[in-house]
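> My structure is below; once you've seen it, I'll send some questions.
The values are calculated or read from the model by the stated rules, or taken from the named source; none is laboratory data. If you're wondering where the values come from, they're calculated on a predicted model, not measured in any experiment. Every residue, glycine among them, receives a Cβ derived from its backbone with ideal geometry; neighbour counts consider all protein chains shown. Note: areas computed on protein heavy atoms with side chains; ligands, DNA, RNA excluded. Shrake-Rupley method; radii C 1.70, N 1.55, O 1.52, S 1.80 Å.
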Amino acid sequence: QDRMPQTPAVAAAFDSSGYSRSLFQSREDDRGGLYYHDNSLLSGSLEALIQHLVPSIDYYPDRTYIFTFLLSSRLFMHPYELMAKVCHLCVEQQRRSKPDLEKSWIRKIAPKILQLLTEWTETFPYDFRDERMMRNLKELAQRIASGDEAYRKNVQQLLQSLIRKLTAVSQYEEVLAKINATSTDRLTVLKTKPQSIQRDIITVCNDPYALAQQLTHIELERLSYIGPEEFVQAFVQKDPLDNDQSGCRDRKKTRHLEAYVEWFNRLSYLVATEICMPVKKKHRARVIEYFIDVARECFNIGNFNSLMAIISGMNMSSVSRLKKTWAKVKTAKFDILEHQMDPSSNFYNYRTALRGATQRSLTAHSNREKIVIPFFSLLIKDIYFLNEGCANRLPNGHVNFEKFWELAKQVSEFMTWKQVECPFERDRKVLQYLLTVPVFSDDALYLASYESESPENHIEKDRWKTLRFVSGVTRV
């Protein structure tokens, strides 16, 4: 049995120096509708790019090309349409082979087609939640399997592995739905019987290092379920050259990315809630110092997303206005953290720290050193500006593949980060608290803040009166 082509990990295969940007410095090299410069593929017609994806007896596409094209092609066509075209091209190749050599052709091509399908199902499994995709996949897989008994087992393994992945993601979505329902129920209880919830974060977990580790558990789990295509799907608009109305964005296709952004917001509000809840000033100061230690440990771990969420929570105006509380806090450590995440010069300090963490992860001997959890909103913003800054198509109608190389490089780095397994032990009690404890709304935070430290001016006094009148939340 022929061995399947083995390819390196996608992120490692991307050239860190990037692709040549000097588009027109020398004559472009045209190979069958694909334009190259210095051996880098820069553009091509959609049809030529699809053709370039399909293996033949003497050709298998480069893995970086497979990843880049599967990632970006959804800006021009649905994955099920691409799969249908790939199946059609494979069948056409088979038809063109001589009848007496058909078995021999299948034996030679089968490992390559199987490898392509394996890469597609492993890297973009969510594409196969579409019944049309699954139907096409099974038809092509069966065609391979029917040609030679030896490949039937491989086809079986591929389909079983895909079904396991899709089952796991459905279970994860059910867990998320339960978590959201529990936190909503607890918030209702908090509004009607505020005294019924007496616990606070320090009672549940008095060790800031342990809390940072549990936050890292949540971050890595949520990262692991984000499909690379979600970054592109978030920006899918109707392509002017595409007549299919259904090419518009489908919210379901970005649900894990959105769940992760919601987690960041929840953590920010949780931090602010924990700080504003205590009645006594010294308790509030203690909570602030506790979260500064948690944030510092997140930085040391490489968990920049939790770090930024904590800083955001501490910088909410309902928290930052508590001047008497802050006067009791030793803020030197907090100032250092704020400096690291300073947004000036396009987050220069953070980007430097991220590069350092990335370098550390490349030479790591343990999962503890491999952890890199980026400040996620900024990662999305970077990808958004890359998408907005360059056209998807060139004036001649070609797909601007140079843009998609750059996009794929950014997303492939994320792919490496999301595959790290969390090395810390899970603490169910702490995780449950972080994910389901009620958090205050902006109004409830201001109300608690004004009751802790009286309003200082007419605007704050008027707001306090209004909030006391309309809010059902009283002091815990």
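> Heavy atoms only, 1.4 Å probe, whole protein assembly: order LYS178, LYS403, LYS253 by accessible area, highest first. Please list the in-between numbers first.
Numbers: LYS178 140, LYS403 10, LYS253 75 Å².
Putting LYS178, LYS403, LYS253 in descending order of accessible area: LYS178, LYS253, LYS403.
> When the accessible area of the stretch 32-163 is split by element with a 1.4 Å probe, what percent falls to carbon and sulfur? Could the numbers behind the result be given before it?
On the way: 2670 of 5640 Å².
Carbon with sulfur: 47 percent of the solvent-accessible area.
> Compare the Cα positions of THR121, LEU75, ASN136 along the charge dipole of the stretch 32-163 (+1 at Cβ of Lys, Arg; -1 at Cβ of Asp, Glu; about the Cα centre) and return the one farthest towards the positive end.
Value computed over the given set: ASN136.
> Determine the alpha carbon to alpha carbon distance for each of LYS178/LYS330; LYS85/LYS409; LYS253/LYS370; LYS108/LYS403; LYS280/LYS370; LYS178/LYS324 and list only those over 32 Å. List each step's numbers first, then the result.
Details: LYS178/LYS330 39 Å; LYS85/LYS409 26 Å; LYS253/LYS370 28 Å; LYS108/LYS403 34 Å; LYS280/LYS370 41 Å; LYS178/LYS324 39 Å.
Check vs 32 Å cut-off fails for LYS178/LYS330; LYS108/LYS403; LYS280/LYS370; LYS178/LYS324.
> For the stretch 411-467 and the stretch 119-144, what is the separation of their C-alpha centers, rounded to whole Å?
Each part's Cα centre sits 41 Å from the other's.
> Give me the percent of Cα-Cα pairs in the stretch 32-163 that sit more than 27 Å apart, rounded to a whole number.
18
> Between GLU174 and ASP462, what length in nm is gained on full extension when 0.36 nm per residue of separation is reduced by their alpha carbon distance? List each step's numbers first, then the result.
Numbers: separation 288, 0.36 × 288 = 103.68 nm, distance 4.32 nm.
That works out to 99.4 nm of additional length.
> Note down the accessible area of SER161, probe 1.4 Å, to the nearest 10 Å².
30
> Now a separate question. Ranked by accessible surface with a 1.4 Å probe, highest first, in what order do ASP38, ASP127, ASP58 come? All intermediate terms of the calculation are to be shown ahead of the outcome.
Numbers: ASP38 110, ASP127 15, ASP58 135 Å².
The residues order as ASP58, ASP38, ASP127, largest area first.
> At R0 = 22 Å, how high is the FRET efficiency between ASP148 and GLN419 if r is their beta carbon distance? Nearest 0.05 is fine. Don't skip to the answer; put the middle values down first.
Details: r = 33 Å, r/R0 = 1.49.
According to the calculation, E is roughly 0.10.
> Can you compute the charge dipole magnitude of the stretch 32-163 about its Cα centre, using +1 on each Lys and Arg Cβ and -1 on each Asp and Glu Cβ, nothing else charged? Give it in debye, rounded to the nearest 20.
Values: 17 positive and 16 negative charges, 78 e Å.
For this selection, approximately 380 debye.
> A follow-up question, please. Under a plain spin-label model, where a point goes 7 Å from the Cα along Cα-to-Cβ, how far apart in nm are ASN315 and VAL470?
2.7
> Give me the accessible area per residue for the stretch 56-145, probe 1.4 Å, as a whole number in Å². Please list the in-between numbers first.
Working: 3800 Å² over 90 residues.
Counting only protein heavy atoms, the per-residue value for the stretch 56-145 is 42 Å².
> Taking the Cβ of ARG360 as the centre, find all other residues whose Cβ is under 12 Å away and add up their charges (Lys, Arg: +1; Asp, Glu: -1). Don't skip to the answer; put the middle values down first.
On the way: positive: ARG355, ARG368, LYS370; negative: GLU369.
Neighbourhood net charge equals +2.
> So, one more: Net charge around GLY302, counting only other residues with Cβ within less than 11 Å of its Cβ (Lys, Arg = +1; Asp, Glu = -1)? Mind dumping the intermediate values first?
Working: positive: ARG360, ARG368, LYS370; negative: GLU219, GLU297, GLU369.
Residues close to GLY302 contribute a combined charge of 0.
> Go through PHE404, PHE299 and list them by solvent-accessible area, largest first, probe radius 1.4 Å.
Details: PHE404 0, PHE299 55 Å².
The ordering from most to least exposed comes out as PHE299, PHE404.
> Note down the nm distance, to one decimal, between modelled labels 7 Å out along Cα→Cβ at ARG426 and at SER366.
Label at ARG426, label at SER366, 2.1 nm between them.
> Okay, next question. In nm, to one decimal, how far is the modelled label at ASN206 from the one at SER345, with both set 7 Å along Cα→Cβ?
4.2
> Another one. Using a 1.4 Å probe on the protein heavy atoms only, what accessible surface does HIS339 show? Give it in Å² to the nearest 10.
Approximately 110 Å² of HIS339 is accessible to the 1.4 Å probe.
> Oh, and also: State the Cα centre-to-centre distance between the stretch 258-328 and the stretch 36-105 in whole Å.
50
> Count charges around GLU369 for me, please; just the other residues with Cβ under 13 Å from its Cβ, Lys/Arg as +1, Asp/Glu as -1. Don't skip to the answer; put the middle values down first.
Numbers: positive: ARG360, ARG368, LYS370; negative: GLU421.
Taking every Cβ under 13 Å from that of GLU369, the sum is +2.
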